[in-house]
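The values are calculated or read from the model by the stated rules, or taken from the named source; none is laboratory data. The structure presented is a predicted model; accordingly, all values stated were derived computationally and were not measured. Cβ placement follows ideal geometry from the backbone for every residue including glycine, while neighbour counts extend to all protein chains displayed.
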Amino acid sequence: MRVIGIIAEFNPFHNGHGYLISKAREAVGDPRAIVLAVMSGSFVQRGTPAVLPKHIRARQALLNGADVVLELPFTFACAPSERFASGAVELLRKTGVVTDIAFGVDIDDPSLLDELAEISPDEEKLRGYLAAGDSFPSARAKAIIDEMRSSGRELSGEEEKRYLEALRMPNSILALDYMKAMKEKGARWNVIRVKREPSSSATETRRKLFDGRDKKAASVSGIASDLSGLMPDNALAAMLSSFQAGKASFPDRDSWSEDTAQLVLRGGQTEDFAYMSDGLPGYLYNRLSSMRGFAYENTQAALATKHFTMPRIDRALSSLLVGQTASYVASEKSPRYIRVLGFTKDGRYCLKIMGKCAKLPVIHNLSDGLELCSSDPALKQQLELDIRATGTAARYHGLPYGYEWEIPPVTDLPKKRG
């Protein structure tokens, strides 16, 4: 059985995701290959609440080619790309069933990533670039180029440009981190690189969702019109039907911004929380204390700086909100369980095999996790952090705290046509 691992956020599911899944199956030459997706939960890698609750995003994926959707724990989902990739690759590895991995790339020559994955930047040079004000992606790119030159490699201006482009493109940064994580963890999978379609963009989809008008007052037909051509019809229908049934809404980003700003302004040991280092707490306090009101767009604009990327700032704010400490991030290196968000009929068979092969406990319902907590304190701590994250995000999606206790994995899917 071929099982293709895909790491994604589906934030939300768009045409590019469907393209990746279909191309991955095409690459292995098996239309019945299982697609097993590891997906961010209630918060995403950029640090903000997900566009949709995780069970709706899981449904969108299952309706469009995925067979199993697993949740990436908050501590790895809301994290820099290296930690995000490391946690996701480890989760796939611990399932014991993955044979292939597929991911999108932004560059025309994916072989560049093979070469770059073998190079580790000098830590002292990396710190030097960071101290000079470079963002982490830019600092790492420069340090890797320096390392190539120090090893005797002569680079023309055109070659350096190509390498820098590969090191700075968002999807290629993640692809590079996936490959490095696979090497570190000994994951010997067949690698499928799919050139990303420029017409399918999560950023463009989110811009259509949020820009220009109040989504609370937006009509279903208006949203459908905005997203036409960007999302598969059934993914769009799954989202809109949940809105009509009162089961979800787009996140109230203004409330998230207000809540995180107020926590910063209360003071206290802000620096104890994840990603609140390098003077970030003082910077946030100074910037926010001069503001009158914390609407999301205004606050993001006010906090923008060359020294800290916005994803770094937003990850720190969400970690503060959820209660994730810096010491926890430093000590917690691996997922402690496999949380199932949904599966198809074919996915059910995959999960049956996984139950015999997995090197971590498999959790279908939160009650399953509670039974494990009494004997595994580390699992308990990670699961409690996930529960807090989902409960916190629920407020911004118009859902009650603890709603996920009542929601089983997604399985009530329409039968596939013959």
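Identify all residues within the range 16-56 that are of a type in the set (D, E, K, R), out of contact with any helix residue (DSSP H, G or I) (no Cβ under 9 Å at 6 or more places or on another chain) and touching a residue at least 24 places away in the same chain (Cβ under 8 Å); write none if there are none. Listed by number, the residues that qualify are Lys23, Arg25, Asp30. Considering each residue of the range 37-47 in turn, at least one proves to be farther than 21 Å from Leu209 by Cα, of a type outside the set (S, T, N, Q) and at pLDDT 95 or above.
In summary, Ser367 fulfils each of the numbered conditions (1) buried (at least 22 other Cβ atoms within 10 Å of the Cβ); (2) at pLDDT below 95 with the single exception of condition (1). When the residues of the range 237-259 are filtered to those that are modelled with pLDDT of 90 or more and under 20 Å from the mean Cα position of the chain (by Cα), which remaining residue is surrounded by the most Cβ atoms within 10 Å (Cβ to Cβ)? Among them, the one singled out is Met239. Considered as a group, the residues in the range 387-418 that are within 23 Å of Met239 (Cβ to Cβ) and of a type in the set (D, E, K, R) include one that is surrounded by the most Cβ atoms within 10 Å (Cβ to Cβ), and that residue is Glu404.
Residues that are farther than 30 Å from Gly96 by Cα and either charged (D, E, K, R) or out of contact with any His (no Cβ under 6 Å at 6 or more places or on another chain) (or both) number at least 1 in the following helices (runs of 4 or more DSSP H) confined to the range 125-186: 136-150, 157-168.
Residues that are over 17 Å from the mean Cα position of the chain (by Cα) number at least 3 in the following helices (runs of 4 or more DSSP H) confined to the range 1-98: 15-28, 81-95.
Just name the residue that is surrounded by the fewest Cβ atoms within 10 Å (Cβ to Cβ) out of those in the range 334-349 that are farther than 19 Å from Pro414 by Cα and not aliphatic (A, V, I, L, M). Once the filter is applied, the top-ranked residue is Ser334. When Ala117, Ala139, Ala132 are checked against the criterion of being surrounded by 13 or more Cβ atoms within 10 Å (Cβ to Cβ) and either free of Cβ contacts under 8 Å to residues at least 24 places away in the same chain or under 30 Å from Lys352 (Cβ atoms) (or both), a single residue qualifies: Ala139. For Arg312, are the conditions met, namely being surrounded by 16 or more Cβ atoms within 10 Å (Cβ to Cβ) and within 24 Å of Val35 (Cα to Cα)? The answer is no for Arg312. When the range 298-313 is limited to residues that are part of a helix (DSSP H, G or I) and in contact with a helix residue (DSSP H, G or I) (Cβ under 8 Å, 6 or more places away or on another chain), the one that is farthest from Ser255 (Cα to Cα) turns out to be Arg312. Within the bounds of the range 376-394, is there any residue that is part of a loop (DSSP other than H, G, I, E, B) and not acidic (Asp, Glu)? Within the range 376-394 (the criterion being part of a loop (DSSP other than H, G, I, E, B) and not acidic (Asp, Glu)), the answer is no, since none of the residues qualifies. Annotation: Arg153 fulfils all but one of (1) among the basic types (Lys, Arg); (2) modelled with pLDDT of 90 or more; (3) outside the structural domain of Lys94 (by TED's automatic domain parsing); the unmet one is (2).
What about Asp233, is it of a type outside the set (Lys, Arg), at pLDDT 85 or above and touching a strand residue (DSSP E or B) at 6+ places or on another chain (Cβ under 9 Å)? Judged against the criteria, Asp233 is not a match. Only one of the numbered conditions (1) out of contact with any Asp or Glu (no Cβ under 7 Å at 6 or more places or on another chain); (2) part of a helix (DSSP H, G or I) is violated by Leu321, and that is (1).
Take Leu360 and decide whether it is outside the structural domain of Phe43 (by TED's automatic domain parsing), assigned to a loop (DSSP other than H, G, I, E, B) and either under 28 Å from Met239 (Cα atoms) or touching a residue at least 24 places away in the same chain (Cβ under 8 Å) (or both). Against the criterion (outside the structural domain of Phe43 (by TED's automatic domain parsing), assigned to a loop (DSSP other than H, G, I, E, B) and either under 28 Å from Met239 (Cα atoms) or touching a residue at least 24 places away in the same chain (Cβ under 8 Å) (or both)), Leu360 does not qualify. From the list Arg162, Arg149, the lone residue that is surrounded by 13 or more Cβ atoms within 10 Å (Cβ to Cβ) and not small (Gly, Ala, Ser) is Arg162.
Rundown of residues vs (1) charged (D, E, K, R); (2) within 23 Å of the chain's Cα centre (by Cα), yes/no style:
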residue: Met291; (1), (2): no, no
residue: Tyr328; (1), (2): no, yes
residue: Arg339; (1), (2): yes, yes
residue: His364; (1), (2): no, yes
residue: Ser375; (1), (2): no, no
residue: Leu383; (1), (2): no, yes
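For Met276, the criteria (1) outside any loop (DSSP other than H, G, I, E, B); (2) modelled with pLDDT of 95 or more hold in every case but one, which is (1).
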